[in-house]
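Taking it in order: structure first as structure tokens, then the write-up.
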Amino acid sequence: MIRLTAKDGHELDAYLAEPKGKPKGGLVVVQEIFGVTKHIKRVADQYAARGYKVVAPAMFDRVERNVTLDYSEIEKGREYMRKLRWPETLADVDAAANEARVADSVSIVGYCWGGTVAHAAASELDIDAAVSYYGGGVAKMLDKKPRCPIMYHFGDHDASIPLPDIEKIKNANPDSTLHVYPGAGHGFNCDERASYSANDAKIAFERTLEFLREQLN
């Protein structure tokens, strides 16, 4: 764990995962509503193993430090999320991006609430690429237009993101890359959730890696 400082002076913790050898690029991994969990750390390690310098900021430090929730504590996680404000949230992402940046390159990957954060960050911050996994709030903020290449991953059995919302996102961002996984539910990438789909998670990960590689070239 390392300590970051946002532009407004707020200090927040972050998990740092570094590759062996020279990193090919920087990456910010944004948590779900459960904090920087063991799962999120494994995700960061997964990208580091593929050559990225990864920073996963503790986004709830604005509310309370050292928040790590069980995946059953959904409402508690939502309570923390509701106490955050977008300017401060994006300032914390920006601090993580500054730490992760390698050779002036940094991208962002977010999961669940972090998927919504990735969409907002792509619209507001200086980043090279963004990947949003099942961001439940994206359809409500289509006025924010990503300024960098962005990829979206959704499951077509996600009860919190109905197919009409996915269609709205696609129509609002025609230049984006959008994948829908048949039979997959919300949180299909998380191996600690009942909705985990190992096959879909693997496919999405490889698609994400290829997408990030394309932006580095």
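The values are calculated or read from the model by the stated rules, or taken from the named source; none is laboratory data. If you're wondering where the values come from, they're calculated on a predicted model, not measured in any experiment. FYI the Cβ positions are ideal-geometry reconstructions off the backbone, even for glycines, and counts take in every protein chain you see.
Which pairs turn up if I take residues in the stretch 54-83 that are in contact (Cβ under 8 Å) with a residue 60 or more places away in the chain and look for partners that are surrounded by 15 or more Cβ atoms within 10 Å (Cβ to Cβ) with beta carbon separation below 7 Å, at least 6 apart in sequence or on another chain?
These pairs meet every condition: Tyr71/Phe34; Tyr71/Arg193.
Restricting attention to the stretch 30-88, and to residues there that are β-branched (Val, Ile, Thr) and surrounded by fewer than 19 Cβ atoms within 10 Å (Cβ to Cβ), which single residue is nearest to Glu124 (Cα to Cα)?
Among those that are β-branched (Val, Ile, Thr) and surrounded by fewer than 19 Cβ atoms within 10 Å (Cβ to Cβ), it is Val63.
Which one of these is closer than 24 Å to Asn189 by Cα and in contact with a His (Cβ under 9 Å, 6 or more places away or on another chain): Glu75, Glu32, Glu88?
Going through Glu75, Glu32, Glu88 in turn, the sole match is Glu32.
Looking at (1) touching a Pro at 6+ places or on another chain (Cβ under 6 Å); (2) surrounded by fewer than 16 Cβ atoms within 10 Å (Cβ to Cβ); (3) at pLDDT below 95, which is the one condition that is false for Asn217?
(1)
Are any residues in the stretch 121-142 in contact (Cβ under 8 Å) with a residue 24 or more places away in the chain, farther than 17 Å from Gly26 by Cβ and surrounded by 24 or more Cβ atoms within 10 Å (Cβ to Cβ), and if so, which ones?
Tyr133, Tyr134, Gly135, Val138
Matching residues to (1) outside any helix (DSSP H, G or I); (2) under 21 Å from Cys190 (Cα atoms); (3) polar (S, T, N, Q):
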site	(1), (2), (3)
Arg3	yes, no, no
Pro19	yes, no, no
Val43	no, yes, no
Tyr47	no, yes, no
Asp61	no, no, no
Asn66	yes, yes, yes
